[in-house]
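Trainee: This is the structure I have questions about; it appears just below.
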Amino acid sequence: MRVPLSWLRDYVAVGMPLDELASRLDVSTAVVAAVEHRGVPDLDGNLALFRIGKVLEAGKHPDADRLQLCVVDVGEAEPYQIVCGAWNFGVGATVAVALPGAELPGGLVLERRTLRGKESAGMILSERELQLGEDHLGIIVLDDGEAGTPLADVLPIHDVVLDLEITGNRPDLLSVYGVAREVAALFRLDLEPPPGMDPAREGDETVKVTVEDWEGCPRYVGRLFRDVRIGPSPAWLRARLNAAGMRPISNVVDVTNYVMLGLGNPLHAFDYETLADGEIVVRRARADERTLRTLDGVERALDPSDLMIADAKRAVAFAGIMGGEETEISDTTTHVLLEAANFEPTGLWRTSERLRLPTEGSNRWVKGVDPYLAEHAAALATELIVKLTGGHWVGHTDARAQLPERPVVRFRPERASAFIGLEVDSEEQHDILARLGNERRDGEYLVPSWRARDLWREVDLIEEIARFRLADVPFTLPVRREMMGRLSRFQRLRRQVEDALVALGCSEVYTPSLVESDSADDALRLQEPISVELAVMRTALLPSLVDAARQNADAGNERIALFEIARVYLPRRDELPEERVRVAGILEGGFLHTKGVVEALLRVLHVDANWMRSEHPLLHPGKAARIEAGVVGELHPTQLDGVWGAFELDLDTLFARVPERIVYEDVLTYPAVLQDIAVAVREEVEVGALVDTAREAAGPLLREAKVFDVYRGEQVGEGRKSVALHLSFQSSERTLTDEEAAEARGRIVEALVDRFDAALRA
Amino acid sequence: MDPQALENDALAAVATAASTDEIERVRVEYLGRKSELKLALREVRDRETGTALNALRERLEGAIDGREAELARAELDRQLTEDVVDVTLPGEEFQLGTLHPTTLTRRIIEDAFLGLGYEVIDDREVETVHYNFDQLAFAPTHPSRSHRDTFFVDDERLLRTETSPSQIHVMEAKQPPIYMVSLGRVYRRDEITATRFPIFHQFEGLAVDRSLTLADLKGTLLHVMRALFGEQRQVRFRTHFFPFTEPSMEPDVSCPICDMRGCRTCKFTGWIELGGSGMVDPEVLTNVGIEPEEWTGFAFGCGIERSAQLRHGISEIRPFWENDLRTLRQF
Ligand SMILES: [Zn+2]
């Protein structure tokens, strides 16, 4: 909400320093996004050089066809001769003049100068030169005014605009008057009554308004104006709209916008003659009504849930959102039907959502507009239309349902102090609430109608106290009870995984959980993604890591090793997906390198894994393995240039295998008996099977069995390999005899020979 | 043989020996099998002479051993002085990975909350309208419910827009006192820009207990901000609005980049806007079956990447998601 101070001052005497005003609003009311200085620099004496002038003489410059030579009374003893490039005025016009020495917005300082042989002492000004607006048409022509009057008295030639970010709970602040009310409360200032006073009505014509949907439209004030002259608005009105961020259009439309910005109630004006039977019907769209062309020229589809303004025959506007093109005010309009209504937020929000059409008006309706505001809005608009267009107000209707009662809220000052943690005197609390328009009744408050949606519980009133005293609230810590903080087992182990992988040379990455496509056909797909790349909830991490590795390789980075811990989203029909936390990695090097990293990770966690040959679409068909928690393998060569390894493991599955605690074993008191064996087996026998068989055959005395060499060569024979194992036999209860070790070794050899047709080589 | 003369000669030879080789030769000459002393000892017949010659032998052995040790040490010293390495050569390289700045910051936050006695919660990201909006008292017309602002999977399921649904899950599961911080990914339907990415991480603390106050919220937030940005930081609050808190406030932390002297990061205000906070709205408590007259609570949340940006002076969001090792290896 852009609030020009020149406008704000109509309603409250803002006298405090600007910094103080901005910072108080910022802390207690709404973020002040910007404080914008507009127009003529307010330096010493500069504003006095901008005056109202009366054009005494005007005629063509003798030596320039496009220039006008004017003599202007600026309130000095002698009139000034000024050369001007605009022709939209003549003798007798009241204009805005800058005298020599004046500094214009943007820093240009005017000097006396000679144009085609004629001296020009100053400048006759346009809106643009004063930064009042964007109008190119010509210079400003004022209605009247005495020559020499400071221009600043009639136009906000220097202004400050506060740009406030109004939160959704404070639609009452979406108006200059609402901000004035807040400023008055914060600074204990007097507030002017709301602007607008009904002029005398000049007729008693019937305004036919039928509300068929009181829920969607609890109030509809309709007013009829005849013999309206559509034209540009006066400079002061244009300046205010421009400063507040709206473009002036024509007097009637500008008035509706001015009232919306001034009071907060959006209005709409119809060209009365375009309404069939001159009638207004507020109803939902009919099933047979297909589209409406709105005044932005777009043909928009209607839905039966849309609240429409209709005439006797057809829908003519989306209520509260946007009017139709056919019934809008045009240059030729002479009779105007003004709508000052109240619309219910929820339904209007749905329509605005569906149409993707948020407007200044709908933005206010969806937050909730005070239904009691409509009559003030109608009065201000009527006053201005009559004054600015010469039109006659001839008809009035106020169709209303039972309007909601103002809430009555219990309030305990001692509860407020306790809740805030700051002792605030109860008289001060009552004073704050009263200044904000709440009426005290015993232990209760009657809330003002413009805050009825926001203040309906005690805590809402406590907030009013808190925000007024926010900076004084001390910094304390809770008095603690029965709670302790610690990481869960999962969180502890997750940190261990992160640290282990870092120690193993992998750098952690964060990749988007949304991907372009996923291998699972039923992966969750967003209804309205912002891009094709971020459209589907991934069911695996590896593809994202392949991308990250590729980007690093393309960037020329070396020794790439990456890992990520993140969720995957496994679809479950109409339910929420099953979310699993996984760790995945990708690193330069072959299968055994990656397996080594995974084994080291498993050692850190004290997890034993069962390695099995497997298949995976992203992995090399001959170099892919599966363990209980996931997959490990060499990347399929089509994925990336070079040799890469990759893994993806499910953390819950992995952590389920982590022992609760490590149980100590005495391995020092009784020494181990070390023996090596080498056996020749057929090529296809997996060494894992040899180790498993050795363990099984030897029983608990075999503390360790480790492959240390695999040899192929002539001595072993075609299609066979020699596998050498370190064996370590040990008991934690006694020293093993050589015979015991030899016997266990014998059982191993026997089993290997038996099962794999192994030949003992050493 | 004159033992005295022999001793004098031998000690002189020991003294003049200049290397371990020389002292070895002295040893052979005076104590070797064919040395005069050994031959004399073999000839000894009386006890007195024997004792005297053995004493002499021990003295000579001592002198030679001593001198030999001296010389050996001197030779080692000489040798080591020549055995020089250029200590500025790089060491053997062990590849080390790095934790992502998001994780580094996440851990600081977790640890700060653990120190205050909070549990750490990591909850689901795909949520229902019920948990993401309804239970958190979002008005039916709140803009976040719009498909323009939020990623929907269908009319009922969406990607959570804040970590707050996890608070509802915890509060539904147990009665107060509750002290928790939830951390994780959240999603907003923002276009990708230098400073925005539609996926980011958030942390959100929640406390529900008897007689918690707004002052307790301010104090707790100050503690966490100091853990994140240094002990010198100050915190101030500005009124704001969030559906699930009442009153609601936006905390500002004093700028850690310029220490309030004014810089581009703080737009020369000395303060940085950082997330949201407030007292838990009684409607939210009622929704989960907690009696708001008996219990009060506070909550506050903030972006983790945003915190990391401030900690490390990263002005854009891009480095957090592009995963370039040249960036990552700085951490
Ligand atoms: Zn700064």
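Trainee: Checking the structure you have, find out if any residue of region A:278-288 is part of a loop (DSSP other than H, G, I, E, B), open to solvent by less than 40 Å² (accessible area, probe 1.4 Å) and of a type outside the set (Asp, Glu). Can you show your working first?
Mentor: Restricting attention to region A:278-288, the residues satisfying the condition of being part of a loop (DSSP other than H, G, I, E, B) are A:285-288.
From the residues that got through so far, the ones that are open to solvent by less than 40 Å² (accessible area, probe 1.4 Å) too are A:285.
Checking which are of a type outside the set (Asp, Glu) leaves us with A:285.
Looking for residues that are part of a loop (DSSP other than H, G, I, E, B), open to solvent by less than 40 Å² (accessible area, probe 1.4 Å) and of a type outside the set (Asp, Glu), one finds at least one in region A:278-288, hence yes.
Trainee: Moving on to the next point. Would it be correct to say that B:Ala215 is farther than 15 Å from B:Gly301 by Cβ and either within 16 Å of the ligand (Cβ to nearest atom) or crowded, with 18+ Cβ neighbours inside 10 Å (or both)?
Mentor: Details: farther than 15 Å from B:Gly301 by Cβ: yes; either within 16 Å of the ligand (Cβ to nearest atom) or crowded, with 18+ Cβ neighbours inside 10 Å (or both): yes.
It is true that B:Ala215 is farther than 15 Å from B:Gly301 by Cβ and either within 16 Å of the ligand (Cβ to nearest atom) or crowded, with 18+ Cβ neighbours inside 10 Å (or both).
Trainee: Starting from region A:583-603, take each residue that is assigned to a helix (DSSP H, G or I) and list its partners that are among the acidic types (Asp, Glu), counting only C-beta distances under 6 angstrom and pairs at least six apart or across chains.
Mentor: Close Cβ pairs satisfying both conditions: A:Phe591/A:Glu634.
Trainee: Looking at region B:270-291, which of the residues that are open to solvent by 30 Å² or more (accessible area, probe 1.4 Å) and not in a helix (DSSP H, G or I) is nearest to the other protein chains (Cβ to nearest Cβ)?
Mentor: B:Glu273
Trainee: Related question: Return the only residue of A:Leu477, A:Leu470, A:Leu493, A:Leu534 being over 30 Å from B:Trp295 (Cβ atoms) and within 7 Å of chain B (Cβ to nearest Cβ).
Mentor: Details: A:Leu477 fails: over 30 Å from B:Trp295 (Cβ atoms); A:Leu470 fails: over 30 Å from B:Trp295 (Cβ atoms); A:Leu493 fails: within 7 Å of chain B (Cβ to nearest Cβ).
Of A:Leu477, A:Leu470, A:Leu493, A:Leu534, the one residue that is over 30 Å from B:Trp295 (Cβ atoms) and within 7 Å of chain B (Cβ to nearest Cβ) is A:Leu534.
Trainee: Which residue pairs have Cβ atoms under 6 Å apart, sit 6 or more places apart or on different chains, and have a first residue in region A:228-244 that is within 10 Å of A:Thr389 (Cα to Cα) and a second that is part of a helix (DSSP H, G or I)?
Mentor: A:Val228/A:Thr389; A:Arg229/A:Thr389; A:Gly231/A:Asn251; A:Ser233/A:Asn251; A:Ser233/A:Asp254
Trainee: Give me the helices (runs of 4 or more DSSP H) completely within region B:15-133, filtered to those with at least 1 residues that are within 42 Å of the chain's Cα centre (by Cα) and within 14 Å of another protein chain (Cβ to nearest Cβ), ordered by residue number.
Mentor: Working: elements: B:20-31, B:36-43, B:47-82, B:101-115.
Filter on region B:15-133 gives B:101-115.
Trainee: Answer yes or no: is there a residue in region A:697-708 that is within 19 Å of A:Val667 (Cβ to Cβ), open to solvent by 50 Å² or more (accessible area, probe 1.4 Å) and touching a His at 6+ places or on another chain (Cβ under 9 Å). I'd like the intermediate steps shown before the answer.
Mentor: We begin by selecting, within region A:697-708, every residue within 19 Å of A:Val667 (Cβ to Cβ); these are A:698-706.
Narrowing further to those that are open to solvent by 50 Å² or more (accessible area, probe 1.4 Å): A:700, A:703-704, A:706.
After this cut, where a residue has to be touching a His at 6+ places or on another chain (Cβ under 9 Å) as well, the list is A:704, A:706.
Checked region A:697-708: at least one residue is within 19 Å of A:Val667 (Cβ to Cβ), open to solvent by 50 Å² or more (accessible area, probe 1.4 Å) and touching a His at 6+ places or on another chain (Cβ under 9 Å).
Trainee: Taking only region A:429-454 into account, find how many residues are outside any helix (DSSP H, G or I) and either within 19 Å of B:Thr296 (Cα to Cα) or among the charged types (D, E, K, R) (or both). Before you say what the answer is, go through the steps one by one.
Mentor: We begin by selecting, within region A:429-454, every residue outside any helix (DSSP H, G or I); these are A:436-448, A:452-454.
Those left that are additionally either within 19 Å of B:Thr296 (Cα to Cα) or among the charged types (D, E, K, R) (or both): A:439-442, A:444, A:453-454.
Total meeting the criteria: 7.
Trainee: Hey, any hits in region B:257-269 for a residue that's within 12 Å of another protein chain (Cβ to nearest Cβ) and within 14 Å of the ligand (Cβ to nearest atom)?
Mentor: Filtering region B:257-269 for residues within 12 Å of another protein chain (Cβ to nearest Cβ) gives B:267, B:269.
Now narrow it down to the ones that are within 14 Å of the ligand (Cβ to nearest atom): B:267, B:269.
Looking through region B:257-269, at least one residue is within 12 Å of another protein chain (Cβ to nearest Cβ) and within 14 Å of the ligand (Cβ to nearest atom).
Trainee: Kindly indicate whether A:Leu388 is closer than 30 Å to A:Thr334 by Cα, touching a helix residue (DSSP H, G or I) at 6+ places or on another chain (Cβ under 9 Å), in a helix (DSSP H, G or I) and among the aliphatic types (A, V, I, L, M). Give the steps one after another, and end with the answer.
Mentor: Numbers: closer than 30 Å to A:Thr334 by Cα: yes; touching a helix residue (DSSP H, G or I) at 6+ places or on another chain (Cβ under 9 Å): yes; in a helix (DSSP H, G or I): yes; among the aliphatic types (A, V, I, L, M): yes.
For A:Leu388, the condition - closer than 30 Å to A:Thr334 by Cα, touching a helix residue (DSSP H, G or I) at 6+ places or on another chain (Cβ under 9 Å), in a helix (DSSP H, G or I) and among the aliphatic types (A, V, I, L, M) - is met.
Trainee: So, one more: Which of the numbered conditions does A:Arg364 fail, given that it passes all the others? Conditions: (1) modelled with pLDDT of 95 or more; (2) within 14 Å of another protein chain (Cβ to nearest Cβ); (3) in a loop (DSSP other than H, G, I, E, B).
Mentor: Exception for A:Arg364: condition (3).
Trainee: Go through (1) more than 10 Å from chain A (Cβ to nearest Cβ); (2) away from the ligand (no atom under 16 Å from the Cβ); (3) open to solvent by 10 Å² or more (accessible area, probe 1.4 Å) one by one and return the number of the condition B:Gly205 breaks.
Mentor: Every listed condition holds for B:Gly205 apart from (3).
Trainee: Then there's this: Which of the residues spanning region A:439-449 are free of Cβ contacts under 8 Å to residues at least 60 places away in the same chain and surrounded by fewer than 20 Cβ atoms within 10 Å (Cβ to Cβ)?
Mentor: Within region A:439-449, the first condition is being free of Cβ contacts under 8 Å to residues at least 60 places away in the same chain, and the residues that meet it are A:439-448.
Passing the criteria: A:Glu439, A:Arg440, A:Arg441, A:Asp442, A:Gly443, A:Glu444, A:Leu446, A:Pro448.
Trainee: Here is a further query. I'd like the residue in region B:230-256 that is open to solvent by 20 Å² or more (accessible area, probe 1.4 Å) and within 16 Å of the ligand (Cβ to nearest atom) and, out of all such residues, is farthest from the other protein chains (Cβ to nearest Cβ).
Mentor: Across region B:230-256, the extreme among qualifying residues is B:Pro256.
Trainee: While we're here: Return the total of residues in region A:371-412 being open to solvent by less than 20 Å² (accessible area, probe 1.4 Å) and modelled with pLDDT of 95 or more.
Mentor: Summing the residues that are open to solvent by less than 20 Å² (accessible area, probe 1.4 Å) and modelled with pLDDT of 95 or more in region A:371-412 gives 17.
Trainee: What number of residues within region A:506-538 are surrounded by fewer than 21 Cβ atoms within 10 Å (Cβ to Cβ), touching a residue at least 12 places away in the same chain (Cβ under 8 Å) and among the hydroxyl-bearing types (Ser, Thr, Tyr)?
Mentor: 2
Trainee: For region A:709-762, what are the residues that are surrounded by 14 or more Cβ atoms within 10 Å (Cβ to Cβ) and among the β-branched types (Val, Ile, Thr)?
Mentor: If the condition is that a residue be surrounded by 14 or more Cβ atoms within 10 Å (Cβ to Cβ) and among the β-branched types (Val, Ile, Thr), then A:Val716, A:Val723, A:Ile748, A:Val749, A:Val753 are the ones that fit.
Trainee: Now, a different point. Restricting to region A:413-428, give me the number of residues that are open to solvent by less than 30 Å² (accessible area, probe 1.4 Å), in a helix (DSSP H, G or I) and within 14 Å of another protein chain (Cβ to nearest Cβ).
Mentor: 4
Trainee: Here is a further query. Which numbered condition in (1) open to solvent by less than 10 Å² (accessible area, probe 1.4 Å); (2) in contact with a helix residue (DSSP H, G or I) (Cβ under 7 Å, 6 or more places away or on another chain) is the only one that B:Phe200 fails?
Mentor: Just one mismatch for B:Phe200, condition (1).
Trainee: Something else now. Among the numbered criteria (1) assigned to a helix (DSSP H, G or I); (2) within 11 Å of chain A (Cβ to nearest Cβ); (3) not acidic (Asp, Glu), which single criterion is violated by B:Ile168?
Mentor: Failing condition for B:Ile168: (2).
Trainee: How many residues are in a loop (DSSP other than H, G, I, E, B), more than 7 Å from chain B (Cβ to nearest Cβ) and surrounded by fewer than 22 Cβ atoms within 10 Å (Cβ to Cβ) if we restrict to region A:541-565?
Mentor: Taking region A:541-565 and keeping what is in a loop (DSSP other than H, G, I, E, B), we get A:541, A:555-560.
The next check asks that each one be more than 7 Å from chain B (Cβ to nearest Cβ); those that pass are A:541, A:556, A:558.
Imposing the further condition that a residue be surrounded by fewer than 22 Cβ atoms within 10 Å (Cβ to Cβ) reduces the set to A:556, A:558.
Adding up the residues that qualify gives 2.
Trainee: Counting only residues that are open to solvent by 20 Å² or more (accessible area, probe 1.4 Å) and more than 25 Å from B:Arg210 (Cα to Cα), which one in region A:450-467 is farthest from the other protein chains (Cβ to nearest Cβ)?
Mentor: Pass one, region A:450-467, residues open to solvent by 20 Å² or more (accessible area, probe 1.4 Å): A:450, A:452-453, A:456-458.
Filter once more, keeping what is more than 25 Å from B:Arg210 (Cα to Cα): A:450, A:452-453.
Working: A:Trp450: 16, A:Ala452: 14, A:Arg453: 9 Å.
Looking at residues that are open to solvent by 20 Å² or more (accessible area, probe 1.4 Å) and more than 25 Å from B:Arg210 (Cα to Cα), I get A:Trp450.
Trainee: Same structure, new question: Which pairs have Cβ atoms under 7 Å, sit 6 or more apart or on different chains, and link a residue in region B:24-35 that is within 13 Å of B:Gly62 (Cβ to Cβ) to one that is open to solvent by 80 Å² or more (accessible area, probe 1.4 Å) and part of a helix (DSSP H, G or I)?
Mentor: none
Trainee: Within region A:322-347, count every residue that is open to solvent by 10 Å² or more (accessible area, probe 1.4 Å), of a type in the set (A, V, I, L, M) and either farther than 23 Å from A:His396 by Cα or touching a Lys or Arg at 6+ places or on another chain (Cβ under 6 Å) (or both).
Mentor: 0
Trainee: Still on this structure, I have one more. Residue under question is B:Gly276, and the condition is that it be within 29 Å of B:Asp111 (Cβ to Cβ), more than 16 Å from the ligand (Cβ to nearest atom) and in the same structural domain as B:Gly313 (by TED's automatic domain parsing); does it hold?
Mentor: Working: within 29 Å of B:Asp111 (Cβ to Cβ): yes; more than 16 Å from the ligand (Cβ to nearest atom): yes; in the same structural domain as B:Gly313 (by TED's automatic domain parsing): yes.
For B:Gly276, the condition - within 29 Å of B:Asp111 (Cβ to Cβ), more than 16 Å from the ligand (Cβ to nearest atom) and in the same structural domain as B:Gly313 (by TED's automatic domain parsing) - is met.
Trainee: So the check is Cβ under 8 Å with 6+ separation or different chains; which pairs have a first residue in region B:258-283 that's touching a residue at least 40 places away in the same chain (Cβ under 8 Å) and a second one that's near the ligand (Cβ under 7 Å from one of its atoms) and not in a strand (DSSP E or B)?
Mentor: B:Thr265/B:Cys255; B:Thr265/B:Ile257; B:Thr265/B:Cys258
The values are calculated or read from the model by the stated rules, or taken from the named source; none is laboratory data. Quick caveat, the model's predicted, so the values are computed rather than measured. Neighbour counts are summed over all protein chains in view; Cβ atoms, including those assigned to glycine, are modelled from backbone coordinates with ideal geometry. Ligands, DNA and RNA are stripped out before the accessible areas are found, and what is left, the full protein with its side chains, is counted by its heavy atoms. Shrake-Rupley method; radii C 1.70, N 1.55, O 1.52, S 1.80 Å.
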